[in-house]
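A.B. asks: Structure below; questions to follow.
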Amino acid sequence: MYTRRVFLRLLGVASAAAALPFPVGCGDNADADVPLFFDAHQWATVDAATALILPAAERGISASDARAVRYIDRLLAAFDQVSEAAPPTIFAGGPASGRQPAPDAHGKSTSAFPPADMATFLPLTRAQEIAWRVRIFGSAATPGGDFNDALLGPTVGWRDLYTDAVTRLDAVAAATSPGATFLTLGPADQQIALATVSSEVSQFGQALIEHTLEGVFCVPEYGGNADRAGWRLARYDGDSIPLGHAVYDASIDAYVDRPEEPTSTPSPHAISEDFDSAILDALTVAAVGSGGKKFF
Amino acid sequence: MAFPSVTPNVLGNDSLAAFDTIVIGSGAGGSAVARTLAVAGQKVLVLEAGPNYFPGLDVPDAMPVPLFSNDELKLQVRSFIQQDPLIEPRSFRASVAAGARTFVGDVNGLPRTVGGAAVHADMKYPRFRETDFKLGTLLGAIPGASFADWPVDYATLERFYVEIEHKVGVQGPDAASDDPFAPAKSKPYPMPPGLPMLANTLLADGARKQGYHPFAYPTAVASRPYRGRPACVECGFCSGYGCPTNAKGAPAVTLLRDALLTKNVQLRSGAVVTRLVKSATGTAVRAVEYIDAAGATQTATADRVVLAASAVETARLALLSEVGNSSGQVGANLMFHFQTQVVGVLRDRVHGHRGRSVTMGFSDFRGTPGDPDHPLGGIIELATNADLIGEAKNYALQLGKTGPLLTRLLEQSPLRDKLVAMIMQAEDAPQVTNRVDLDPALTDVYGRPAARVTYASHVFETSAREFYVPKMLAILESAGAQFGLVAPIDAPSASRHVMGTMRMGPDAATSVCDPRGQLHDLGNVWCADGGLFPTSSGFNPTLTLQALALWVGANIAAPGNPTSVLEES
């Protein structure tokens, strides 16, 4: 890593760009829509659960479209294919993704793209490895990870949380309707089953919400945000290095905004829809409850 | 399974084997001291607990290529730079009466990396004011509070401010457009302001309509190519993120890199200090014990030791080592900036995810000591919300919205793309009872007792909050906001501005360090971080922390003539 980076730095971005084309997004396992940890039933069940957290609305994009389930699966499998050349898939590299080009001296896009640094994951320190193994496998199953268990109780790993929750969701479904599984329930019954299991095991409910939203909106190198579905949903620019949103132009000794994605002025095609009535109600409750105000 | 470290664990001159000084911590304070001593010819060993994310930091003639990125998951969710609360937890309680602890997790955690806590910062670099150094005198006795004058005044520090502003590269307003309440400066900022963010401009207009005086926020981010670093491209991933281009004048790529290039400095990363070992007489520290990146226990020795691990960690280390505490004041007078956040929701999108997080502010709410019509609050940062995952979790977990309404909230984005914010960094009254000590049972992954924070707000800061919140809401209305929301007071405080615990002062009974930063109790140990601050002021602390650390280092390098080390004025 160190040697490669110093080498690239000495070459500079322009020369490194000679290695184009870089793949958009990342290769191998992160892109394949197959489980590395879940079995097929667990995968389908968690996929359906994420779509209850974030279903399609105005823009027709759901957590399932963004493949949040793939993000969760890759997180749970982060230590499964580790070698010296392939660290755990916890921290994507930097500084660039290779999706954005370098700007020229006046801020215009060029055809020079930096290396896809984010596609290469970074080694963990000894302590970081313990932290992430505790999260995924639990403190009791992680050497050196149980140092506060006598005081705080053991940490249940996410693998167990998810696999146990799938079993429990199916049990709730079968209790609702003999022979049913979570996947065969209608949407309303799925909602009830998920709410039941999430309240029984609040750690699962919270983990599912957090992981679903991370999987929808993360940089795609982690396996989620397929086809930038999450960023399209939120009308979000995503990573911008090295292009950025403005450049200092030495020829005029001033900053220049990028015309399509400016920093200091409104975006040229920004759509500022009025809030839905339900959102207006939620904001009114939040504002007044906080000691603030609805001004108009 | 063992993995290779991110980058080699030794930076700088790896052939050095004997050292004059050990500096514990490579951040804002430690880098300033290490550079000063190295330039003066000392051999310096810097011990840094975190890993190095700046590959090539010690390579001459080229800047490092950092491992930071526009990756919210890595930087804001997965603790890439931040102290990971699972392996380095802290505990919290509001008072001794609350029991051993009421919370375990992230309590004012700061980054654990080469370059220190400032790696996460968006580098807001205002100076303190002249009166901020005299609040003990100007405020008089306040029940329950322990305000004190600083043993060093603004006039003494002024040239040290200039030195840091030029070494790190601060962009800021010229005299005509500056904060009308700003203190006197002997030299202008080295760079003009970069682009203002749209969201800041709209709020600044609202503030002007209410009679206040917004200005371009002094910020250690290059707005022009500066000393080998590029001008910022406004990538938008600033506060909470390491800089992917080195446009931020973070300690790693400024003072620390300078220090490493002198050949008089060796930096060992992944070196977690466990204990300062006292001499036989107990009046000095003769060695520093640490756990290295591979997990082995090591010992380093030098003539003197400088503690610069941040206010909480420096106090924790002194307590773990049972040094410096004859006063009983190690860990006491812990201060945060008391942050009040008031946010507005606009109807239009203002894309707070582009730009440097905070580009404008005003200081009308800093107030005047002793004037009840202008209570001491703090500078107002005009801010935004840049983080999409954070926005989504806010709707789902704080507001409790999932399902179709969550999706619609994310599509319409009231709390990110249409959000404007004001953050007041208010004076936090020092209190002897607000302190860091060692948790009796909680440990970190290295087996060290965790730091425990005992902290409750004083009416001094809560009354200032009540005074200024209506004025902040009025600004939002003038700026055209549809809604104004007031964030609750958080406990434990989420502030990353951590000060006090190693108070500097002339009296060994009520302070830990003397007026030049040396511990009253020990003949060869100094402190050079935010722990020294007797009071917190109402301005972002890092510039003052660095100026003060430089002053401490200058007094070690050139006793009696500290200004002789200055190069910029």
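A.B. asks: So which residues in segment B:183-210 are part of a loop (DSSP other than H, G, I, E, B) and touching a residue at least 60 places away in the same chain (Cβ under 8 Å)?
C.D. replies: B:Ser186, B:Lys187, B:Pro193, B:Gly194, B:Leu195, B:Pro196, B:Met197, B:Gln210, listed by residue number.
A.B. asks: With B:Pro85, B:Pro51, B:Pro60 as the choices, which residue is over 26 Å from B:Gly355 (Cα atoms) and free of Cβ contacts under 8 Å to residues at least 40 places away in the same chain? Show your work before the answer.
C.D. replies: Values: B:Pro51 fails: free of Cβ contacts under 8 Å to residues at least 40 places away in the same chain; B:Pro60 fails: free of Cβ contacts under 8 Å to residues at least 40 places away in the same chain.
Exactly one residue qualifies, and that residue is B:Pro85.
A.B. asks: Also, quick follow-up: How many of the residues in segment A:58-79 are away from chain B (no Cβ under 12 Å) and either of a type in the set (A, V, I, L, M, F, W, C) or closer than 18 Å to A:Pro123 by Cβ (or both)?
C.D. replies: Number of matching residues: 4.
A.B. asks: Pull out all pairs, ordered by first then second residue, where Cβ-Cβ is under 9 Å, the residues are six or more apart or on different chains, the first lies in segment B:371-393 and is more than 14 Å from chain A (Cβ to nearest Cβ) and closer than 23 Å to A:His245 by Cα, and the second is part of a strand (DSSP E or B) and charged (D, E, K, R).
C.D. replies: Filtered contacts from segment B:371-393: B:Glu381/B:Lys124.
A.B. asks: Could you figure out which of (1) in a loop (DSSP other than H, G, I, E, B); (2) within 23 Å of A:Ala207 (Cα to Cα); (3) modelled with pLDDT of 95 or more; (4) not acidic (Asp, Glu) isn't true of A:Val34?
C.D. replies: (3)
Yes/no per residue for (1) under 27 Å from A:Pro259 (Cα atoms); (2) hydrophobic (A, V, I, L, M, F, W, C); (3) surrounded by fewer than 17 Cβ atoms within 10 Å (Cβ to Cβ); (4) at pLDDT 95 or above:
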{"residue": "A:Leu11", "(1), (2), (3), (4)": "no, yes, yes, no"}
{"residue": "A:Asn29", "(1), (2), (3), (4)": "no, no, no, no"}
{"residue": "A:Ala51", "(1), (2), (3), (4)": "no, yes, no, yes"}
{"residue": "A:Ala56", "(1), (2), (3), (4)": "no, yes, yes, yes"}
{"residue": "A:Tyr71", "(1), (2), (3), (4)": "no, no, no, yes"}
{"residue": "A:Ala85", "(1), (2), (3), (4)": "no, yes, yes, no"}
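A.B. asks: Given the conditions (1) in a loop (DSSP other than H, G, I, E, B); (2) surrounded by fewer than 17 Cβ atoms within 10 Å (Cβ to Cβ), report the number of the one that A:Gly144 does not fulfil.
C.D. replies: Every listed condition holds for A:Gly144 apart from (2).
A.B. asks: With the structure loaded, tell me whether B:Leu260 is more than 14 Å from chain A (Cβ to nearest Cβ) and either in a loop (DSSP other than H, G, I, E, B) or in contact with a helix residue (DSSP H, G or I) (Cβ under 7 Å, 6 or more places away or on another chain) (or both) or whether it fails that test.
C.D. replies: So B:Leu260 does not fit the description; no.
A.B. asks: Among the residues of segment B:59-71, which ones are more than 7 Å from chain A (Cβ to nearest Cβ) and touching an Asp or Glu at 6+ places or on another chain (Cβ under 9 Å)? Break it down stepwise before answering.
C.D. replies: Start the filter on segment B:59-71 by keeping residues that are more than 7 Å from chain A (Cβ to nearest Cβ), which leaves B:60-61, B:63-64.
Hit for segment B:59-71 is B:Pro64, nothing else.
A.B. asks: Could you tell me whether any residue of segment A:264-279 is touching a residue at least 24 places away in the same chain (Cβ under 8 Å) and more than 7 Å from chain B (Cβ to nearest Cβ)?
C.D. replies: yes
A.B. asks: Collect the residues in segment B:84-96 that are more than 10 Å from chain A (Cβ to nearest Cβ) and either closer than 20 Å to B:Val119 by Cα or part of a loop (DSSP other than H, G, I, E, B) (or both), keeping them in residue-number order.
C.D. replies: Once the filter is applied, which keeps residues that are more than 10 Å from chain A (Cβ to nearest Cβ) and either closer than 20 Å to B:Val119 by Cα or part of a loop (DSSP other than H, G, I, E, B) (or both), segment B:84-96 yields B:Ala94, B:Ser95.
A.B. asks: Which numbered condition trips up B:Asp292, out of (1) away from every other protein chain (no Cβ under 14 Å); (2) on the phi < 0 side of the Ramachandran plot; (3) over 22 Å from the mean Cα position of the chain (by Cα)?
C.D. replies: (1)
A.B. asks: Conditions first: (1) within 14 Å of chain A (Cβ to nearest Cβ); (2) touching a residue at least 60 places away in the same chain (Cβ under 8 Å); (3) surrounded by 18 or more Cβ atoms within 10 Å (Cβ to Cβ). B:Pro214 passes all but one, so which condition is the exception?
C.D. replies: (1)
A.B. asks: Has segment B:294-306 got at least one residue that is touching a Leu at 6+ places or on another chain (Cβ under 9 Å), surrounded by 24 or more Cβ atoms within 10 Å (Cβ to Cβ) and among the hydrophobic types (A, V, I, L, M, F, W, C)?
C.D. replies: Yes: segment B:294-306 contains one or more residues that are touching a Leu at 6+ places or on another chain (Cβ under 9 Å), surrounded by 24 or more Cβ atoms within 10 Å (Cβ to Cβ) and among the hydrophobic types (A, V, I, L, M, F, W, C).
A.B. asks: Would you point out the residue of segment B:443-460, among those that are under 16 Å from B:Val107 (Cα atoms) and not in a loop (DSSP other than H, G, I, E, B), that is nearest to the other protein chains (Cβ to nearest Cβ)?
C.D. replies: B:Thr443
A.B. asks: For the list (1) within 24 Å of the chain's Cα centre (by Cα); (2) modelled with pLDDT under 95, I need the number of the one condition that B:Asn9 fails.
C.D. replies: Every listed condition holds for B:Asn9 apart from (1).
A.B. asks: Next up: Among the numbered conditions (1) hydroxyl-bearing (Ser, Thr, Tyr); (2) more than 30 Å from A:Gln100 (Cβ to Cβ); (3) over 20 Å from the mean Cα position of the chain (by Cα), tell me where B:Ser26 comes up short.
C.D. replies: (3)
A.B. asks: May I pose another question? Taking helices (runs of 4 or more DSSP H) that fall entirely within segment A:147-265, which contain at least 1 residues that are under 30 Å from B:Phe237 (Cβ atoms) and in contact with a Leu (Cβ under 8 Å, 6 or more places away or on another chain)?
C.D. replies: A:158-176, A:202-217, A:229-234
A.B. asks: Moving on. Pick from A:Ala119, A:Ala112, A:Ala102: which is more than 30 Å from B:Pro449 (Cβ to Cβ), touching a Cys at 6+ places or on another chain (Cβ under 8 Å), surrounded by fewer than 22 Cβ atoms within 10 Å (Cβ to Cβ) and of a type outside the set (Lys, Arg)?
C.D. replies: A:Ala119
A.B. asks: Also, quick follow-up: For segment B:409-445, enumerate the residues that are among the basic types (Lys, Arg) and under 18 Å from B:Ile389 (Cβ atoms).
C.D. replies: If the condition is that a residue be among the basic types (Lys, Arg) and under 18 Å from B:Ile389 (Cβ atoms), then B:Arg416, B:Lys418 are the ones that fit.
A.B. asks: So how many residues does segment B:477-486 have that are within 7 Å of chain A (Cβ to nearest Cβ) and outside any strand (DSSP E or B)?
C.D. replies: 3
A.B. asks: Is there any pair linking a residue in segment B:507-518 that is more than 12 Å from B:Trp150 (Cβ to Cβ) to one that is of a type in the set (D, E, K, R) and in a loop (DSSP other than H, G, I, E, B), with Cβ under 9 Å and at least six apart or on different chains, and which?
C.D. replies: B:Ala508/B:Asp514; B:Ala508/B:Asp521; B:Thr510/B:Arg503; B:Val512/B:Arg503; B:Val512/B:Asp521
The values are calculated or read from the model by the stated rules, or taken from the named source; none is laboratory data. None of the values given here were measured: they were computed from a predicted structure. Don't worry about glycine lacking a Cβ; one is built from the backbone with ideal geometry, like all the others, and counts go over all protein chains shown.
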